[in-house]
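Before any comments, here is the structure.
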């Protein structure tokens with residue numbers, strides 16, 4: 001494949017991780033999406049050929065990442081019971097085909113997607129390639145019983161190319177412990193795949209001859225997400241991505257710093273609020289004192305006006321009396337005499 005074609009696949013994968021994951025409903029941790037995207041890019045760069053497939057696609061949240069990682073001559077195969085919920089023996093998933101197909105139209109190339117409706121248990125391992133083709137990345141998220149999980153792992157093993165990868169979902173989900181039991185049963189019998197990595201709720205398996213290159217690639221490409229290398233797991237050594245990684249530690253430190261900042265801001269806000277309450281109380285006291293002073297002034301003004309009215313009434317009463325009118329000539333004469341004396 002040309003370099004331009006490789007870049008196109010990488011661009012589609014990166015775009016879906018950055019934009020599509022948040023737009024499609026379902027359960028798919030971002031860290032696991034980054035690991036799977038890294039594996040898809042590695043396969044493209046290494047020239048690994050084959051289709052991609054997923055059992056149990058729900059609304060397509062994880063399947064669409066795989067579908068964006070195919071070349072023009074490769075397919076993305078989706079198998080789900082969809083509306084045939086009588087086949088969903090453990091009531092996990094409950095996918096919706098109409099929603100799934102709308103998401104495919106929005107986020108992938110529908111011409112490269114093959115949608116199959118049915119149960120994976122109806123596919124025998126010796127006919128797996130007839131259903132899924134020769135697969136380089138196979139995601140298992142179908143029935144969560146131990147029997148179905150073991151069966152689906154055998155389907156993936158039967159059609160996986162030599163350096164392909166199988167991704168098993170819900171490996172550590174306490175609600176679906178049948179997945180872990182099914183993995184145990186698969187590994188305890190004749191099995192061609194071995195675990196080599198773990199990320200958020202995902203286990204990665206490959207043929208023993210292919211694991212070294214895959215481990216080396218992820219350690220280099222996902223260095224900031226590598227939490228602990230070579231953890232013993234069912235007789236194999238797996239690298240753990242996510243928990244305890246430098247990225248997680250930074251995220252925890254940043255979250256703690258934000259919490260400290262938030263606490264400091266909250267304390268400052270409480271202090272500012274207390275100060276504001278004190279100022280408000282002082283303003284209220286001052287306002288109350290002003291109100292009382294105004295009330296006293298108003299009462300004094302009313303009393304003064306009333307005194308003036310009373311005085312005017314007394315004057316009016318006096319000047320309007322008979323004695324006042326009878327003695328008016330005497331008062332006038334007295335005023336004349338005073339005037340003459342002054343003259």
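The values are calculated or read from the model by the stated rules, or taken from the named source; none is laboratory data. Worth saying up front: this structure is predicted, and the values here are computed from it rather than measured. No Cβ is skipped: glycine too gets one built from the backbone with ideal geometry, and neighbour counts run over all protein chains shown.
Miscellaneous remarks
- Within region 236-246, the set of residues being crowded, with 18+ Cβ neighbours inside 10 Å and in contact with a helix residue (DSSP H, G or I) (Cβ under 7 Å, 6 or more places away or on another chain) comprises 239, 241, 242, 245.
- Evaluating residue 123 against the criteria (1) at pLDDT 95 or above; (2) surrounded by 19 or more Cβ atoms within 10 Å (Cβ to Cβ); (3) within 28 Å of residue 38 (Cα to Cα) leaves one unmet condition, (3).
- For region 104-129, a residue qualifies if it is outside any helix (DSSP H, G or I) and closer than 14 Å to residue 54 by Cα, and the qualifying residues are 113, 114, 115, 116, 117, 118, 119, 123.
- Residue 17 being within 17 Å of the chain's Cα centre (by Cα), at pLDDT below 95 and assigned to a helix (DSSP H, G or I): yes
- Checked against the criterion of being touching a residue at least 40 places away in the same chain (Cβ under 8 Å) and under 23 Å from residue 28 (Cβ atoms), the candidates 199, 119 yield just one match: 199.
- The selection criterion, being surrounded by fewer than 16 Cβ atoms within 10 Å (Cβ to Cβ) and touching a residue at least 60 places away in the same chain (Cβ under 8 Å), does not hold for residue 98.
- From 188, 251, 175, residue being out of contact with any helix residue (DSSP H, G or I) (no Cβ under 9 Å at 6 or more places or on another chain), over 18 Å from residue 42 (Cβ atoms) and not assigned by TED's automatic domain parsing to the domain that holds residue 56: 251
- Search result, residues across region 322-343 that are in a loop (DSSP other than H, G, I, E, B) and modelled with pLDDT of 70 or more: 327
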